[in-house]
Amino acid sequence: MKHRILSMITAGCFAITCTVTAVCGMQMKTSASDDALKIMAVGDSITHGYINNDNGYRKYLCYYLQQASFTNYDMVGLQNSSTDSATYTVTEETNEIPANTVITYDPAHEGYSGYSIQSYASPQNRSGIYETLFEGRDAVKDYDPDVILLQIGTNDILDANSAGIQDRLDTLIERIEDSLSTDAALFVASIPDIDPSNSAIEGWLWAYGSVDANYYSDFDTFAAEFNENYVHPYNELIKELVEEKQAEGDNIYFADINSVVDVDTGLYDGVHPNEYGYACMGEYWASLLMQYINEELSTGTTTTTTTTTTTDVTTTTEVSTSLTESTTSTQETTTEITSTEETSTTTVTETITEDSIQTVSVTTAETTETTLTETETNAPKETDSTTSTTTTTETTSTETTDSSAQIPYVGDINSDGETNLADLIFLQEYLLSNRTFTYDTYLRADLSQDSQVNGIDLSLLRQVLFAQN
């Protein structure tokens, strides 16, 4: 997947799959290039788009990808595959998308209303996503997606069919992974909370009359505890299953859709999202995909080991520190030298930390005795020292957290290493729709850290510049 993403970036991300007529005024083509990122959305009615026949969250996914200046993608799947372009007009402001915005998007997908993880006949007859994808065809191999967005299980929960749900989901995931190409990724999403008290769905929950004593005797208690007893355990199960497969080396990720669909404001009928809920989903999916495309989702620790050499040396020590955050913590590197052999070598010690990447180069030449001691840095600097020594260089490997997923320096919008008037002008031009932002630039402009760039961020940046003066 990484090599394909890199080819898309270097070839230019502006070969376009979907179009949006929006405040940024971007002009986009409607056909995907050959190296477009192929995205397959898989699931039930929430993926299909239950209300208004308007394709649910997927149109908003296209919109927010375009707002992040990523357009070289292709939505794939049997559903709606007859066309690669559809439009939707936002009737009223939705998740800060202005009214009358026309979104042009690719509607292909693999979402099927009413489907469960696997088919079953009891407590009611359900068709399964597993059988739909893999019986009589192999949808994953047929379309060869680079990314699959899987959200499934809501109907299993509605049917009180939690028994064996982990095994059914695990079987589906493994079958999908078997058909995915080795560099493709699978995202598995949690499901939104359900509102049993909504009169539109009370009839959908009849199966709970046989499994939950409160269903008939105390429906209010049943409704209040429903998500805690059924939805949340299922979502936790999904997360744990993904983590287990990640530990085995699978290219799989957890998507917490439940966290962005509010049960009070984001649901249409107690189960399916309304337009606001779908817009929140689309924005979340786009953000997650951009992190994946920019290789910001990998986490873990990095251990750097340096070799030791004995030398007669004249020692030059150069310390350079590259800052990736707005704050720098003091790093210490201790090198101790003792030796006997006449050689000329270079030892490189690299220490990766959350706040900086520090490289210490020790170049050796000819002399007789020395000890190179602690080099302590609070900021970028260079130091030269010459001494004589016969030495053994001893270094310690350092285990630290990978900083690749961290947010860029907030406030430095134009990425010139400083926060100044030029950044303020950049932000003003964006808010006036005279400039578009990349995803990285958008993060730098989000001073309030609320995942939105607006007048609040402009005000905060002015305060920062005023404080500097």
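The numbered conditions (1) of a type outside the set (Phe, Trp, Tyr); (2) at pLDDT below 95; (3) closer than 28 Å to Phe70 by Cα are all true for Asn258 except (2).
Which of the residues spanning the range 20-49 are surrounded by fewer than 21 Cβ atoms within 10 Å (Cβ to Cβ) and at pLDDT 80 or above? Within the range 20-49, Asp35, Ser45 meet the criteria.
Looking only at residues of the range 397-430 that are under 16 Å from Tyr442 (Cα atoms) and at pLDDT below 50, we find that the one that is nearest to the chain's Cα centre (by Cα) is Ala405. Screening the range 206-224 for residues that are aliphatic (A, V, I, L, M) and under 11 Å from Asp159 (Cα atoms) and picking the one that is surrounded by the most Cβ atoms within 10 Å (Cβ to Cβ) gives Ala207.
Looking at Asn251, is it among the polar types (S, T, N, Q), open to solvent by 40 Å² or more (accessible area, probe 1.4 Å) and over 29 Å from Thr89 (Cβ atoms)? So Asn251 passes the test.
Remark: Glu135 falls outside the filter, which requires a residue to be out of contact with any Lys or Arg (no Cβ under 9 Å at 6 or more places or on another chain), surrounded by 21 or more Cβ atoms within 10 Å (Cβ to Cβ) and acidic (Asp, Glu). Restricting to the range 409-436, name every residue that is surrounded by 13 or more Cβ atoms within 10 Å (Cβ to Cβ) and touching a residue at least 60 places away in the same chain (Cβ under 8 Å). Tyr409, Val410, Gly411, Thr436 - these are the residues of the range 409-436 that are surrounded by 13 or more Cβ atoms within 10 Å (Cβ to Cβ) and touching a residue at least 60 places away in the same chain (Cβ under 8 Å).
For the range 88-124, the candidate set comprises residues that are open to solvent by 50 Å² or more (accessible area, probe 1.4 Å) and not small (Gly, Ala, Ser); within that set, the residue that is nearest to the chain's Cα centre (by Cα) is Glu96.
Residue pairs whose Cβ atoms lie under 7 Å apart, separated by 6 or more positions or on different chains, with the first residue in the range 168-182 and more than 17 Å from Ser127 (Cα to Cα) and the second of a type in the set (Asp, Glu), are Glu177/Asp250; Ser179/Asp138; Ser181/Asp144.
Would it be correct to say that Asp159 is over 19 Å from Gly277 (Cα atoms), of a type outside the set (Gly, Ala, Ser) and at pLDDT below 95? No; evaluated as a whole, the condition is false for this residue.
For the range 441-457, taking the residues that are assigned to a helix (DSSP H, G or I) and buried (at least 17 other Cβ atoms within 10 Å of the Cβ), the one that is farthest from the chain's Cα centre (by Cα) is identified as Asp457.
Residue-wise test of (1) over 30 Å from Val140 (Cα atoms); (2) small (Gly, Ala, Ser); (3) in a loop (DSSP other than H, G, I, E, B); (4) out of contact with any Gly (no Cβ under 8 Å at 6 or more places or on another chain).
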| position | (1), (2), (3), (4) |
| --- | --- |
| Phe187 | no, no, no, yes |
| Pro192 | no, no, yes, no |
| Asp195 | yes, no, yes, no |
| Ala200 | yes, yes, yes, no |
| Trp204 | yes, no, no, yes |
| Thr221 | yes, no, no, yes |
| Val231 | no, no, no, yes |
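The values are calculated or read from the model by the stated rules, or taken from the named source; none is laboratory data. From a predicted model like this one, the values you see are computed outputs, not experimental measurements. When we count neighbours, we look across all protein chains shown, and the Cβ atoms used for this are built from the backbone with ideal geometry, even at glycine. We work out accessible area using only protein heavy atoms, side chains counted, and drop any ligands, DNA or RNA first. Shrake-Rupley method; radii C 1.70, N 1.55, O 1.52, S 1.80 Å.
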